[in-house]
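Asker: Let me give you the structure first, and then I'll get to my questions.
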Amino acid sequence: MRSFELPWAQAPKADGTTILRPVVNWVFIGHPVSEEMLVDTGADLSVAPKRIADRLGLDDSSGDRVTMRGVSQKDECKVEGVVREAEIIVLPAGWRMKVPVFFADAEVPLLAGRRGFLDKLHLTVNGPRRTIRVGQS
C-alpha cells in the first residue's frame, strides 16, 4: 500500500481562535491551485463552492441539481448546487481520481467526503499526534 502522512491544519473559528483539523490537499485538474480539503467522514459527497466549478469551466446544466443539508435540518441550512464529476490529483502522492463533487451555489467550506474519495482510501487519524495517514491499495 502506498501512503503518506499529513499534520492537521489550523482553521479559524468564529470567535477568532483556531482549531486543528485533519485535511488532505487536492488539485482540481484545470484549476492549478492546491485546495486544502477538510476530511469529513460524515459528508456523503465532497463539497466545493461554485466559484471553483466556474474556474474549471463546468456547466451547471450538465450536472444533477440537488439540495444538500448538513447536520441541521433547518430550512436556512439548505444549500443548492450541482453534483459534477471532477478529476483531481491528491497531493503529495500525485494520485489521480475522478470524484463526484457537490459544487454549492453558496460559499461553503471545502470538504473531502465519502463517496468516490474517502471510500476508496485507507485513513488513519492519529488524534494524539494530530496527523492523518492516507493510503491507497
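Asker: Restricting the search to region 6-28, which residues are free of Cβ contacts under 8 Å to residues at least 12 places away in the same chain and hydrophobic (A, V, I, L, M, F, W, C)? Walk me through it before giving the result.
Answerer: Applying the first criterion (free of Cβ contacts under 8 Å to residues at least 12 places away in the same chain) to region 6-28 yields 10, 12-19.
The answer is ALA14, ILE19.
Asker: Of all residues in region 110-137, count the ones that are over 20 Å from GLU35 (Cα atoms) and among the basic types (Lys, Arg).
Answerer: Counting residues in region 110-137 that are over 20 Å from GLU35 (Cα atoms) and among the basic types (Lys, Arg) gives 1.
Asker: Would you confirm whether or not region 98-120 contains a residue that is assigned to a strand (DSSP E or B), loosely packed, with under 14 Cβ neighbours inside 10 Å, touching a residue at least 60 places away in the same chain (Cβ under 8 Å) and not small (Gly, Ala, Ser)? Working first, answer last.
Answerer: Restricting attention to region 98-120, the residues satisfying the condition of being assigned to a strand (DSSP E or B) are 98-104, 111-112.
If we keep only those that are loosely packed, with under 14 Cβ neighbours inside 10 Å too, we end up with 98.
Keeping just the survivors that are touching a residue at least 60 places away in the same chain (Cβ under 8 Å) gives none.
Within region 98-120 (the criterion being assigned to a strand (DSSP E or B), loosely packed, with under 14 Cβ neighbours inside 10 Å, touching a residue at least 60 places away in the same chain (Cβ under 8 Å) and not small (Gly, Ala, Ser)), the answer is no, since none of the residues qualifies.
Asker: Determine whether region 16-32 contains at least one residue that is surrounded by 11 or more Cβ atoms within 10 Å (Cβ to Cβ), out of contact with any strand residue (DSSP E or B) (no Cβ under 7 Å at 6 or more places or on another chain) and under 28 Å from GLY135 (Cβ atoms).
Answerer: Looking through region 16-32, at least one residue is surrounded by 11 or more Cβ atoms within 10 Å (Cβ to Cβ), out of contact with any strand residue (DSSP E or B) (no Cβ under 7 Å at 6 or more places or on another chain) and under 28 Å from GLY135 (Cβ atoms).
Asker: So which residues in region 60-84 are assigned to a loop (DSSP other than H, G, I, E, B) and surrounded by 11 or more Cβ atoms within 10 Å (Cβ to Cβ)?
Answerer: Within region 60-84, the subset assigned to a loop (DSSP other than H, G, I, E, B) is 63, 69-74, 78.
GLY63, ARG69, GLY70, LYS78, listed by residue number.
Asker: For ALA53, which of the numbered conditions (1) surrounded by 13 or more Cβ atoms within 10 Å (Cβ to Cβ); (2) among the small types (Gly, Ala, Ser); (3) not in a helix (DSSP H, G or I) fails to hold?
Answerer: Against the list (1) surrounded by 13 or more Cβ atoms within 10 Å (Cβ to Cβ); (2) among the small types (Gly, Ala, Ser); (3) not in a helix (DSSP H, G or I), ALA53 comes up short only on (3).
Coordinate-derived values only; no laboratory data. Predicted, not measured: the structure shown is a model, and the values here were computed from it. In this analysis, Cβ positions are derived from the backbone assuming ideal geometry, glycine residues included, and neighbour counts consider all displayed protein chains.
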